[in-house]
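Read the structure below first, then the notes.
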Amino acid sequence: MANFYRTSTIALSAAAAAVLSFTGCGGGGGGGGGTTAVCDASVIDVVLPAVIDADMTLDSTKVYGLEGKVNVTNNAVLTIPAGTTVAGCAPASFMVVEPGSQLDAVGTEAAPITFTSQKYVQGLSSQNAAGEWGGLILAGNAYTHYGVAHYEADETVAFGCDDVTVPCNNTQSSGHLEYVRVVHTGYEVEKDKELNGLSLAGVGSGTILKNIAIIGGLDDGLEIWGGTVNIDGLYVYNANDDSVDTDLGYRGTIQNVLVQQVNVDSTNDHDSAGMEFGNDNNTIVTDDSNATQPNIINYTAYIKGGGFYNKYDAGFKWNNVKFISDKTADEAQVHFRGQDAYTTGAKHIDGPVCFKDTALTLDDNSTYTNLNSKDATADTAYAYFVTNKLYAGSGTIYVDANTTTMDTVCTGADEATIWKGSEGSLDPLETPPVIYTALPSEITSDMTLDKTVKYAIDGKVNVKAPAVLTIPAGTTLAGVTPNSFMVVEAGAQMIAIGTQAEPIVFTSKKDVDGNSQDNAAGEWGGLVLAGNAYTHYGVAHYEADETVAFGCDGGVTVACDNTQSSGHLEYVAVKHSGYEVEKDKELNGLSLAGVGSGTILKNIAIIGGLDDGLEIWGGRVNIDGLYVYNAHDDSVDTDLGYRGTIQNVLVKQVNVDSTNDHDSAGMEFGNDNNTITTDDTNATQPDIINYTAYIKGGGFYNKYDAGFKWDNVKFVSDKTVDTAMVFFRGEDAYLTGAKHISSDVCFKDTSVALTDTTTYSDTNSKDATANTAYAYFVTNVGTTGLAAIDAAYLNVDDNTTCLGVTEANVWKGKAGTNDPLEQ
């Protein structure tokens with residue numbers, strides 16, 4: 001996964017609601033107090049097994065999924081190379097590296113290693129999301145005050161030592177983590193038993209932890225129980241509870257730390273602290289050598305809740321520490337648990353410490369207490385800390401420190417050198433990557449989008465009658481997966497009026513993220529408008545989603561409304577679309593199904609499609625200004641009695657479907673594959689005016705008695721595949737008057753000289769015996785079947801007589817086009 005992007009959601013479309021559900025990729029899981037979830041194969045390449053009991057090395061080009069709990073055990077070493085992504089597929093997904101095993105995850109600043117959620121990889125997380133997966137746990141057998149302990153969120157994980165059943169090894173190694181980011185963690189198994197971002201349980205000093213970013217956590221960012229592990233370079237952003245929490249006799253150094261609180265737990269007066277230190281909630285420590293006593297060097301915290309919370313006789317060593325609070329929550333800046341004895345010598349201030357509260361003036365006489373604390377009668381809080389000076393060391397405490405003091409005396413962390421997770425950081429101080437808001441799976445009431453927001457189409461998004469979806473100029477909507485698409489159902493409307501300077505773009509998330517290739521297709525489904533105008537087949541159902549009904553049957557069940565409006569689309573680009581649900585049932589770039597003439601379509605660009613660019617089934621809708629680039633099948637396809645005008649059209653083929661001789665055509669017209677049309681008034685008969693096609697496959701394919709009207713049309717082919725330039729399905733009757741050529745039509749093939757006598761047929765066609773193809777079209781002009789055609793208008797092997805469309809006037813999607821001929 002090359003890049004990560006910030007995201008924001010309003011309502012996530014449930015996979016169960018999508019007509020085209022995600023495909024699971026199987027794998028292990030289980031344990032850890034939560035149910036497993038199948039990973040999404042469109043973003044997860046490999047699901048890790050539930051148990052890794054032998055050495056394993058991952059591949060940085062793949063994204064790995066966790067389905068539930070994944071245990072690294074039996075002294076196995078899991079090696080994760082720089083640039084690798086590991087994603088939890090559900091909130092209860094987490095990874096444990098058990099004592100004796102190791103995690104070797106050494107990234108670089110340019111290619112960090114990311115532990116995150118599947119939603120984040122999909123681009124469907126909010127900027128300040130948390131709780132989307134469990135987190136990462138390293139466990140060892142270094143000292144813990146409680147002896148052998150069990151991880152609170154999964155009691156099957158034992159850690160620590162007692163030198164009776166488990167020997168203590170304070171220099172034990174759980175591996176090497178460097179340039180590792182842990183994103184959007186936290187899962188509450190039950191009350192007070194939570195998974196954190198990074199949990200270190202009895203981990204020894206042989207473990208290397210450098211440049212760690214913990215971004216978004218429903219509980220703590222970093223929590224340490226016992227052990228002697230050291231950390232150099234730590235960034236904790238938006239831990240909803242404590243940013244740095246140590247317990248059970250932890251003794252190690254944590255240096256160069258930057259904390260930024262965003263959301264805090266305001267249910268009590270001391271949690272959600274920049275630092276929380278505890279020891280053992282069952283006994284009072286009388287031996288300083290066993291007390292929790294983290295060594296904190298070069299630390300800065302921007303806090304909205306509590307600053308420092310000390311409990312259970314925990315000690316600390318501080319050197320160059322500062323807290324800056326704006327106190328958005330009513331929590332004590334400093335809070336001591338008053339019922340515990342304060343162990344002499346366990347608390348050291350060895351360098352300057354600064355406190356600044358932008359909302360309250362702090363002074364030595366401030367009690368700064370919260371009478372709702374757990375131990376209100378004994379609570380002493382901030383004033384106790386300052387005035388009673390129960391600490392050793394020569395460092396000075398600066399209360400309500402001024403700017404000069406904060407900047408020059410208490411420098412805290414060197415923020416410029418703290419690694420924040422590269423572009424994966426959700427720090428608002430960083431240059432923001434792309435943010436998405438996921439549209440709901442059903443839009444049932446009027447909704448207006450915001451052009452400053454990037455919208456995600458995740459699965460099927462239905463605009464249901466009578467809702468109107470209004471999309472302002474400059475808005476981008478991105479399909480997350482190949483089977484993501486949007487449907488505007490009959491009776492609903494889309495008002496999407498862009499401008500040439502600010503077009504509206506429907507595309508893939510890969511494209512917005514900058515991961516699409518030129519001439520990409522099939523990265524998302526496409527856009528579908530449905531109405532109740534005439535269809536030859538009566539009420540029909542959209543081929544790629546049969547829940548979408550369209551058309552009419554004259555009022556038997558649905559009345560026909562040929563002037564119906566599905567909305568107004570102008571300066572709209574649809575890019576990189578197309579998804580095959582099953583054989584011959586595909587999503588196209590823009591699908592118009594039974595859409596009436598009240599719908600306005602002007603300046604539409606369809607760029608890159610795995611199937612058709614534009615396909616129309618029935619209806620009376622008109623289009624003025626159409627650019628179709630790189631449709632792999634037909635560029636313009638009409639069916640089921642469509643009668644409307646499509647004018648000012650430019651088609652450029654790049655990739656074509658060469659599996660038959662007639663598909664991948666510049667134009668394909670059909671009617672009904674079950675019956676032969678005998679009534680010209682109901683036959684498909686599009687009116688094509690000012691049309692130019694540069695084709696590499698078929699030029700024109702006519703089937704099922706379809707008619708047409710052409711005025712100023714030309715095809716220029718270089719015939720890179722053996723496909724008929726013109727192909728008629730010979731088994732159907734050609735209706736008198738259904739086919740009109742009212743001005744010049746030109747055919748030019750740069751590879752083959754065309755003449756009136758060229759058969760240009762394909763003996764492998766469906767109806768080979770009746771096939772007549774190009775020669776039929778050219779030589780039978782003036783006969784009964786094509787009586788309406790004036791032979792004088794046909795220009796064979798000619799690219800100059802016909803003007804076609806004035807190409808300079810066709811809007812090509814502006815910068816949204818991937819046309820290599822464009823600048």
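Rule-based calculations on the coordinates, nothing more; no lab input. Being a predicted model, the structure only gives us computed values, none of them experimental. When we count neighbours, we look across all protein chains shown, and the Cβ atoms used for this are built from the backbone with ideal geometry, even at glycine.
Estimated at 0.36 nm per residue, the fully extended path between residue 800 and residue 79 surpasses their Cα-Cα distance by 253.1 nm.
Taking amide H positions as modeled 1.01 Å from N, with prolines and chain starts lacking one, the residues under 5 Å from residue 699 and 5 or more places away or on another chain are 666, 725, 726. Peptides 61-68, 588-595 ranked from most to least packed by the mean count of surrounding Cβ atoms within 10 Å: 588-595, 61-68.
With an 8 Å Cα cut-off and a minimum separation of 6 or more residues, compute the relative contact order for the range 456-505 in percent. Please list the in-between numbers first.
Working: 103 pairs, mean separation 24.3, N = 50.
Relative contact order here is 49 percent.
Proximity of backbone amide H atoms, modeled 1.01 Å from N, is registered between residue 442 and 462 at under 5 Å, excluding neighbours fewer than 5 places apart on the same chain. For the range 117-247, the spherically averaged projection of the C-alpha convex hull amounts to 7.5 nm². Find how many whole Å separate the alpha carbon centroid of the range 522-572 from the alpha carbon centroid of the range 60-107. When both Cα centres are located, 48 Å separates them.
I'd like to compare 504-517, 530-543: which one has the highest average count of other Cβ atoms within 10 Å, and what's the full order after that?
Details: 504-517: 21.3, 530-543: 23.1.
Packing proxy ranking, top to bottom: 530-543, 504-517.
The alpha-carbon of residue 709 sits under 23 angstrom from the alpha-carbons of these lysines, leaving out residues fewer than 8 places away in its chain: 602, 652, 739, 748.
Can you give me the C-alpha center-to-center distance between the range 604-662 and the range 184-220, rounded to a whole angstrom? Going from one Cα centre to the other spans 53 Å.
Cα-Cα over 24 Å: which of 451/585; 460/583; 460/814; 69/510; 304/454? From the list (451/585; 460/583; 460/814; 69/510; 304/454), the Cα-Cα distance tops 24 Å for 451/585; 460/814; 69/510; 304/454. Packing here is the average count of other Cβ atoms within 10 Å per residue, and on that basis the peptides 436-446, 293-303, highest first, run 293-303, 436-446.
Residues in the range 78-88 carry Karplus couplings, in order, of 9, 9, 10, x, 3, x, 7, 10, 10, 10, x Hz; the curve used is 6.51 cos²θ - 1.76 cosθ + 1.60 with θ = phi - 60°, and Gly or Pro positions show x.
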